[in-house]
Protein chains: 2
Amino acid sequence: MPAKDKSIRPARRSSVTSSAATVRDVANLAQVSTATVSRTLNAPDLVRPEVRERVSNAIQKLGYIPNDSARALRQNQTRFIGVVVPTLSYALYADFYAAVEEQLSALGYFPVLSTTDYDLDVEAEQITRLSRQGAQGLILVGRVRSSRAASYLAATGLPFVSTYATDPLGRDGTIGFDNEAAINEVVNHLASLGHRRIAMLSGLRSNLNDRAIGRANGFISAVRKHGIASPDWIFEGPYTIESGRRALCALLDRGIDATAIVCGSDMLAIGGLQECKARGIRVPRDLSIVGFDDLEIAAHIDPPLTTVAVPSREQGRLAAQAIVDLCNGRQCPPNAVLPTHMVVRETTAGPGG
Amino acid sequence: MPAKDKSIRPARRSSVTSSAATVRDVANLAQVSTATVSRTLNAPDLVRPEVRERVSNAIQKLGYIPNDSARALRQNQTRFIGVVVPTLSYALYADFYAAVEEQLSALGYFPVLSTTDYDLDVEAEQITRLSRQGAQGLILVGRVRSSRAASYLAATGLPFVSTYATDPLGRDGTIGFDNEAAINEVVNHLASLGHRRIAMLSGLRSNLNDRAIGRANGFISAVRKHGIASPDWIFEGPYTIESGRRALCALLDRGIDATAIVCGSDMLAIGGLQECKARGIRVPRDLSIVGFDDLEIAAHIDPPLTTVAVPSREQGRLAAQAIVDLCNGRQCPPNAVLPTHMVVRETTAGPGG
DNA sequence: ACACTGGATGTAATCCATTACATCGGTGCT
DNA sequence: AGCACCGATGTAATGGATTACATCCAGTGT
């Protein structure tokens, strides 16, 4: 009896050091092979109930936790999807992410989030990081990205879907809504109320935020279409209340006497509203204001904000479904244009009340 | 010349199938061993510049991306930290997470987020999931958790820090602030303004949310201390505007004629304020209202909300630093009690104006 | 009684990067 | 010359789970 080699070596790891138990420890304790342990976990039907029981007990006793890195390495699949959004501080994206998380988890995947702070270079970094870490697919916001990111995605063939945008050509997967059309609807509405002097508070277009650009373009084209006001009455700022106030100040300082203001975001609108209040400008009597996004808060400020409801959660759900489909080889390049709709509350009226 | 075995086999993978390149492919192309490739990436000083150059070119040419699962498996470290928060829809946690992300990334780690929707059972699931996936440490919210989660953490010895709470005993790592003391300060302030009839709009305590419980306890003890009003004037609801409105209705329906209301969250306060406006109750003349958290929106509603500023971002930064320290074996059980401070705006005044 | 089938289980290769250890050529010292 | 040493590189073991393939055994059909 030279030595019971097999039973001695694993024992070292499972008892002496307290480092995590492995399949081998479990196998030894349950008197089976590692293959059987693995099968007990992943295909219980292939294992006799009696043996299954023994293995389960061993797992229990050792507090065995499978090592997902090893599994991912072997199976070449991590079941995680990278989700890259501009920020979570804007409630819209927080909701979007929540919907993504919910749907992915229902499909047996899970999200790994990262934020870019609206910086396309950061976005490119995050994309490569997520890819290296084994993301099986990506959910991105917007369709414009840095050339580095674009070529990386093309070169690796990593599946991804874009959101909050539309793709007129329908090549890549895109789940979103039409920013231009939505703003068009707003301008139409204001025009039908009789407004002829309409300005816009827009998000920053300089960093190639295509949602902001789309909304601004929608404004320009709509204003042209109606032959009203000036397409260059556009004031930009980040999506914060403070910046909305400043943008309204800038507008007034330039002596523009608009009767209505279209905003690229509810935050800008709320800021504008604040500034009006501070200056004694009555909304909607002296000035109509329309927001965008329909954040929870929009319904609860005074007066309740007229705005555009966007299908954030629905988008998140569909994007999650789409990326999982792509990962599983279903070739359908998912493409959806979801409807938006105006929610008319109390910050809009005809000019003069 | 039997065969150049070594150069033939890897070629199969790098050219025929288009699956990702590995160190071996790079090594072959650069005419070096895999060890040298690895060193070029992780310890360039050990490699002659000339060789380094060759390897870099090969990496470039093949679009080689290291497989992090393999690295994690071998090194037994993933450099990721699990972050478990109740929800992102509440802006406070979104900010917290942003600070965590920023600090972790500065330290060469990265966060993997998951949300619980305030459910401790879900929290337990997320904790085990993150652990299995290789989280090296966890950042959690609150100190109360399900027994399953608690015993799991104890059994595995996985490092973690709790936030948004304090640990009187200082055993575990806890980075937070004193909810009770903060509410105490609020009640003191109201009492010094002359209020004697004070009620509370609280978060739900039933699901063992220890922030809500701490704040409610603070209210009860402060009210007792001052010998004023009734400690059971507490109305609960989730942290939403809608629920704040309902809670205020419930309070009024019960015929309580409080002169001041302390809220467990700004959202509850905003809801209360809305309901006051709807019913013609003037704030602060007829009723003072104090929020909690000092969300961005608090300063921008009408009237601007008096509230308690909490150090969310600071907490996030410290928690990230602390968990990384713990992961690196520094034994200091981190413990910090950060200051909160009241921000007095325009929803508070003496009773009657 | 024999060959065969199929279910249950074991054996060992595999995924990919890292790294301990071995190797080799060259330098400097005695 | 001989020895120690060093820097650069290669060889091969390693981490943990999965899985293709081999093996064994009981049951079935003829």
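Suppose you put the label 7 Å out from Cα in the Cβ direction; list, shortest first and in nm with one decimal, how far A:Ser147 is from each other copy's label.
For A:Ser147, the other copies' label points sit at 6.3 nm, shortest first.
So how exposed is B:Arg330, as accessible area in Å² (1.4 Å probe, rounded to 10)?
B:Arg330 has an accessible surface of roughly 130 Å² with all protein chains in place.
Please report, for A:Leu193, the nm distances (one decimal) from its label point, 7 Å out from Cα along the beta-carbon direction, to the equivalent points in the remaining copies, shortest first.
Result, one decimal in nm: 3.5.
By how many nm would the segment from A:Arg196 to A:Asp172 lengthen if fully extended, with 0.36 nm per residue of separation less the alpha-carbon distance?
4.8 nm
Can you give me the % of accessible surface on the protein assembly as shown that is carbon or sulfur? Probe 1.4 Å, all protein chains present, nothing else counted.
Of all accessible area on the protein assembly as shown, carbon and sulfur atoms account for 50 percent.
For the protein assembly as shown, take every pair of Cα atoms, bin their distances at 20 Å starting from 0, and report each bin as a whole percent.
16, 42, 32, 10, 1, 0
In whole Å and largest first, what semi-axes does the C-alpha gyration tensor of segment B:164-311 yield when each eigenvalue is scaled by 5 and square-rooted?
24, 17, 14
Sort A:Val55, A:Val144 from largest to smallest accessible area, using a 1.4 Å probe on the heavy atoms of the protein chains.
A:Val144, A:Val55
Simple spin-label model, 7 Å along Cα-to-Cβ: B:Arg279 to A:Cys332 in nm?
So the label points at B:Arg279 and A:Cys332 sit 5.1 nm apart.
Taking the solvent-accessible surface of protein heavy atoms with a 1.4 Å probe, what is the per residue accessible area of segment A:19-64 in Å²?
61
For a label point 7 angstrom out from the Cα of A:Arg132 toward its Cβ, which stretches of segment B:20-48 have the backbone nitrogen within less than 13 Å?
The answer is B:41-43.
How many angstrom lie between the Cα centre of segment A:261-321 and the Cα centre of segment B:88-132?
Here the answer is 29 Å between Cα centres.
Need one number: buried accessible surface between chains B and A, 1.4 Å probe, both sides summed, DNA, RNA and ligands left out, in Å² to 100.
3300
Can you give me the long-range amide H partners of A:Thr163? Hydrogens built in the peptide plane at 1.01 Å from N, cutoff under 5 Å, separation of 5 or more residues or another chain.
Correct list: A:Leu140, A:Val141, A:Gly142, A:Ile175.
Quick check for you: with a 1.4 Å probe and neighbouring chains kept, what is the accessible area per residue of segment A:179-309, in Å²?
34
If the label for B:Arg285 sits 7 angstrom from Cα along the Cα-to-Cβ line, what are its distances to the same label in every other copy, in nm to one decimal, shortest first?
Once sorted, the set of distances for B:Arg285 reads 1.8 nm.
Taking only the alpha-carbon atoms of chain B, what semi-axes of the equivalent ellipsoid follow from 5 times the gyration tensor eigenvalues under a square root, in whole Å, largest first?
Value: 56, 19, 17 Å, ordered largest first.
Between segment A:40-75 and segment A:322-353, what is the C-alpha centre distance in whole Å?
Spelled out, the Cα-based centre of one part sits 44 Å from the other.
Helix A:312-327 against the longest principal axis of chain A: what's the angle in degrees, Cα atoms only, rounded to the nearest 10?
Helix A:312-327 and the main axis of chain A meet at about 40 degrees.
For chain B, find the longest principal axis of its Cα atoms and tell me its angle to the long axis of helix B:120-132, 0 to 90°, nearest 10.
Taking Cα atoms only, the helix is inclined about 20 degrees.
Can you give me the distance in nm between label points at A:Thr34 and B:Ala43, each placed 7 Å from the Cα along the Cα-to-Cβ direction?
Placing both labels 7 Å along Cα→Cβ, they lie 2.7 nm apart.
Take the Cα gyration tensor of segment A:252-353, multiply each eigenvalue by 5, square-root it, and list the three semi-axes largest first, rounded to whole angstrom.
Whole-Å semi-axes of the equivalent ellipsoid: 37, 12, 11.
Estimate the FRET efficiency between B:Glu346 and B:Asn76 by the formula 1/(1 + (r/R0)^6), using the beta-carbon distance for r and 41 Å for R0, to the nearest 0.05.
For R0 = 41 Å, the calculated efficiency reads 0.15.
Angle check, please: helix B:179-192 long axis (alpha carbons) against the longest principal axis of chain B (alpha carbons), in degrees 0 to 90, nearest 10.
Orientation of helix B:179-192: about 30 degrees from the principal axis.
Would you please give the residues with an amide H less than 5 Å from that of A:Val83, counting only those at least 5 places away or on a separate chain, with H modeled from the backbone geometry?
Correct list: A:Val112, A:Leu113, A:Ser114, A:Ile139.
Heads up, I need the accessible area for B:Asp121: 1.4 angstrom probe, whole protein in place, Å², nearest 10.
The value for B:Asp121 is about 100 Å².
The values are calculated or read from the model by the stated rules, or taken from the named source; none is laboratory data. Since we're looking at a predicted model, the values are computed, not measured. Note that we place each Cβ from the backbone using ideal geometry, even for glycine, and neighbour counts take in every protein chain shown. Side chains are part of the model used for accessible areas, which takes the heavy atoms of the whole protein and leaves out ligands, DNA and RNA. Shrake-Rupley method; radii C 1.70, N 1.55, O 1.52, S 1.80 Å.
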